Amino acid sequence: MAPKPKKSPEAFVDPARRGHLDGFQLPPEMTVSQWADANIILPPETAAEPGRWRTARAPYQRGMMDAIADPTIKTIVLNLSAQSGKTSMILNGIGYHIAHAPAPMLMIQPTLEMAEAFSKDKLAPVLRDTPVLKQLVEPEKTRYSANTIRHKTFPGGQLTIAGANSPTSLRMRSVKIVWADEIDAYPQSVGEEGDPLKLAHKRTQTFWDSKLVCSSTPTLVDTSRIDHLYRSSDQRKFHIPCPDCGEMQELEWEHVTWTTGKPHTAVYVCLHCGTVWEDGDIKRQLKHGEWKSQAVFNGIAGFHIWQAYSPWSSLEEIVAEYEATEKKPAERQVWWNTTLARVWDGDEVAQTTPDQLYQRREDYDAYTMPSRSCVLTAGVDVQGDRLECLIVAHGIDGEQWLMAHLIISGDPTTDAPWQQLTEVLNVRMAHPSGRTFGIEAVAIDSGYLTQRVYDYCARNFAAGRSWFAVKGMQGPGKVAWTRSTKKLKIGARLFLVGVDGLKEQIYSRLANAEPGPGYIHIPNREPFNIDWLTQLTVERVRTIYDHRGFAKREWFKPEGARNEAIDCLTYADAAHASLNINHRSRLEGMSAPQNVKTDAADLARMFL
């Protein structure tokens with residue numbers, strides 16, 4: 001009887017792994033875009049167009065993806081607008097290296113929370129719906145799987161998903177490829193360990209063929225990481241030919257034209273022959289486009305693309321958003337960064353003078369809310385010999401009215417000033433609709449006499465009042481309102497206020513000269529005089545450099561100058577950010593204006 005043939009070693013290998021092991025011999029030549037076109041399936045819960053990936057849908061993506069597998073490129077810089085397909089391109093690159101060119105990789109998001117969200121909401125659906133990836137990466141909930149939300153293993157490599165705010169996750173293991181996403185939101189330093197991007201890059205030093213892929217929308221001039229890296233690259237721009245004269249050119253915002261107030265008339269004008277392009281002309285010419293470098297290549301390939309190129313956007317939408325920001329200056333930076341992918345010079349928001357504001361003061365009643373307002377908040381500043389309280393009325397789209405600024409004299413270590421503050425914060429104001437409103441949220445600075453502020457707010461919060469102890473947090477990217485994780489005694493709560501962003505918003509509104517959305521109304525009465533308006537506009541933004549050479553933008557005031565006015569308004573805006581109010585719905589639900597007589601004797605006694 002003939003002996004049974006012996007099984008080859010391959011017969012004992014899981015079929016899903018066998019093809020992968022074959023790849024160790026020499027994988028066939030394939031670019032990232034080719035691999036993505038052949039394999040990636042876009043999941044329905046994350047993709048606007050689920051199903052088979054098609055690079056031809058947005059042809060500018062081909063050059064960016066293929067740079068990932070280009071051995072001559074050490075660093076890739078993606079300086080991109082919203083709706084450019086950035087996340088999908090990164091996921092395609094990760095998938096390529098899992099299935100086709102396995103390697104140890106590190107993906108970095110700005111925070112650990114964002115890292116987990118990326119893993120669960122973006123990465124997991126692609127791993128699930130793309131057959132080749134589903135075979136190679138076991139779900140973390142599988143009984144014998146060693147995978148977790150922030151660590152994935154596959155034959156020949158692994159992927160760690162980390163937060164730029166976590167030094168531990170940045171120094172855990174050596175990697176060949178670093179994916180650094182939204183780097184403009186990274187902290188400048190992780191504790192005392194330095195720049196998180198540099199820490200991550202050090203993890204690649206043992207690999208001669210390592211790769212660093214950095215991506216982000218830009219933020220502020222001088223401090224934008226992605227802008228700095230792009231300027232050190234070969235600065236590639238995507239050029240497309242004019243459908244009429246055929247001249248290649250990059251699209252520039254300055255050559256978009258339209259009739260004011262009619263975004264649907266927006267067209268693009270050729271730089272060379274003046275031909276007018278419709279949206280369809282731009283999209284059709286993308287397939288003929290090519291990336292062209294503006295600087296000498298030095299191992300860093302930089303790509304810049306803005307929203308006009310995107311097949312998921314239109315000139316009409318871009319222009320409509322731009323016109324909306326003209327009436328809401330506080331949102332102009334967001335449009336500039338996310339639509340044009342350009343850095344924003346925030347210094348210009350701090351140029352309004354006290355004299356300009358004094359000249360635009362208005363006559364309106366101190367004790368009756370304006371008809372377009374529907375919310376009252378207050379900000380309180382604690383000084384050594386007084387409490388200062390600013391009451392602000394809020395309307396639709398950021399429109400505000402300064403109502404009253406009270407100075408309560410007295411030693412804040414005693415009860416008397418706090419008792420008087422309680423009287424002030426419990427007032428109700430009449431509204432022309434016939435309703436009356438109380439102050440719905442109050443933010444009290446706890447930087448001075450901290451424990452007394454905590455105790456005062458805790459007592460009043462227990463009584464059902466939304467009066468909060470707050471601490472200002474400086475630095476870009478801090479959210480306006482968030483609860484502190486600091487443990488306080490029972491009943492006390494501390495909230496953190498991102499003062500830099502709020503001040504930029506305030507100064508941008510002050511620069512708005514057109515009443516309506518994004519406008520701050522100033523009353524023609526005391527104490528809103530030149531001295532008070534000087535306090536409101538005294539602070540400026542400057543760029544400084546720390547001992548490590550990191551650029552940092554900070555708000556500052558001249559030595560000896562007073563700034564209680566801007567502090568109080570900042571806290572009043574923070575208190576407003578704590579509320580979840582639909583101003584339009586509230587105003588629409590109120591009755592038609594009436595003539596209302598207000599007995600303001602008590603208010604006048606406190607206000608004057």
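Annotations
- Filter result for Val499 (under 30 Å from Gln359 (Cα atoms), in contact with a strand residue (DSSP E or B) (Cβ under 9 Å, 6 or more places away or on another chain) and either in the same structural domain as Tyr571 (by TED's automatic domain parsing) or buried (at least 18 other Cβ atoms within 10 Å of the Cβ) (or both)): yes
- Whichever residue in the range 234-259 is part of a strand (DSSP E or B) and touching a Ser or Thr at 6+ places or on another chain (Cβ under 7 Å) and, among such residues, is modelled with the highest pLDDT: Arg236
- Checked against the criterion of being within 32 Å of the chain's Cα centre (by Cα), buried (at least 16 other Cβ atoms within 10 Å of the Cβ) and of a type outside the set (D, E, K, R), the candidates Leu449, Leu494 yield just one match: Leu494.
- Among the residues of the range 274-289, the ones that are in contact with a Phe, Trp or Tyr (Cβ under 9 Å, 6 or more places away or on another chain), of a type outside the set (A, V, I, L, M, F, W, C) and touching a residue at least 60 places away in the same chain (Cβ under 8 Å) come to 1 in all.
- Among the residues making up the range 65-80, those that are within 19 Å of Met30 (Cα to Cα) and in contact (Cβ under 8 Å) with a residue 60 or more places away in the chain are Ala67, Ile68, Asp70, Pro71, Thr72, Ile73, Lys74, Ile76.
- If only residues of the range 549-574 that are among the small types (Gly, Ala, Ser) and either over 15 Å from His405 (Cβ atoms) or surrounded by fewer than 14 Cβ atoms within 10 Å (Cβ to Cβ) (or both) are counted, the one that is modelled with the highest pLDDT is Ala574.
- Count of the range 308-346 residues, restricted to those that are in a helix (DSSP H, G or I) and at pLDDT below 85, is 9.
- The set of residues in the range 68-91 that are small (Gly, Ala, Ser) and more than 16 Å from Ala103 (Cβ to Cβ) comprises Ser81, Ala82, Ser84, Gly85, Ser88.
- Qualifying residue in the range 206-228 (condition: surrounded by fewer than 18 Cβ atoms within 10 Å (Cβ to Cβ), of a type in the set (Lys, Arg), modelled with pLDDT under 95 and not in a loop (DSSP other than H, G, I, E, B)): no
- Selection status of Ile98, in the same structural domain as Glu290 (by TED's automatic domain parsing), more than 25 Å from Tyr230 (Cα to Cα) and crowded, with 24+ Cβ neighbours inside 10 Å: yes
- Of the strands (runs of 3 or more DSSP E) that lie entirely inside the range 98-197, those containing 1 or more residues that are at pLDDT 90 or above and charged (D, E, K, R) span 151-154, 177-181.
- For the range 260-291, the candidate set comprises residues that are of a type in the set (Ser, Thr, Tyr) and at pLDDT below 95; within that set, the residue that is surrounded by the most Cβ atoms within 10 Å (Cβ to Cβ) is Thr275.
- 1 or more residues of a type in the set (S, T, N, Q), closer than 30 Å to Trp344 by Cα and in contact with a strand residue (DSSP E or B) (Cβ under 7 Å, 6 or more places away or on another chain): qualifying strands (runs of 3 or more DSSP E) within the range 387-488: 400-409
- Subset of the range 466-477 that is at pLDDT below 80 and surrounded by fewer than 17 Cβ atoms within 10 Å (Cβ to Cβ) - its residue that is nearest to the chain's Cα centre (by Cα): Gly477
The values are calculated or read from the model by the stated rules, or taken from the named source; none is laboratory data. Note that the coordinates shown come from a computational prediction; the quantities given were computed from them, not determined experimentally. All Cβ positions, glycine included, derive from the backbone under ideal geometry; neighbour counts span all protein chains shown.
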